[in-house]
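Data block below; observations after.
All of the numbers you see were taken from the coordinates with simple rules; none came from a lab. Computed from a predicted structure; not experimentally measured. Here the Cβ is made from the backbone with ideal geometry for all residues, glycine too, and neighbour counts use every protein chain on show.
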Amino acid sequence: MSDAGQLHLPDTVAHAQATKARKAAAYRAAGVPPRSGAIEAFCVDCIYDPGTGGTCLAQIRACESKRCPLWPYRPGADPLTELGPDFEAGTPAAMKANKRREWRKAS
């Protein structure tokens with residue numbers, strides 16, 4: 001049996017890694033911040049108030065805007081531990097975190 005035309009897993013993984021590296025280099029060259037930097041910039045713009053005291057990161061960690069879709073991903077937070085029973089279960093962030101929890105339990 002011929003396996004011509006089928007991709008082998010190592011070839012596919014190497015291709016995906018090379019594509020990811022090319023995209024990352026292009027984003028850096030264009031001055032686009034990484035996803036974590038974009039989330040941090042959004043949080044700073046939303047919550048940081050220099051007049052209230054405390055560092056920017058401390059204010060972001062103390063954020064209580066649990067309805068924000070970026071809340072579990074804010075700097076200093078762990079999405080898997082931040083999403084508690086009081087977090088809205090129907091949000092995309094909660095569903096994604098629940099899938100990760102199930103995957104970790106299974107492995």
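Structural remarks
- Those residues of segment 22-61 whose amide nitrogen sits under 16 Å from the label point placed on Lys96, 7 Å along Cα→Cβ: 34-43
- Report note on the peptides 34-42, 13-21: ranked by the mean count of other C-beta atoms within 10 Å, highest first, their order is 34-42, 13-21.
- Under the simplified labelling scheme, the Ala14-Ala29 pair shows an inter-label distance of 2.3 nm, with each label point 7 Å from Cα along Cα→Cβ.
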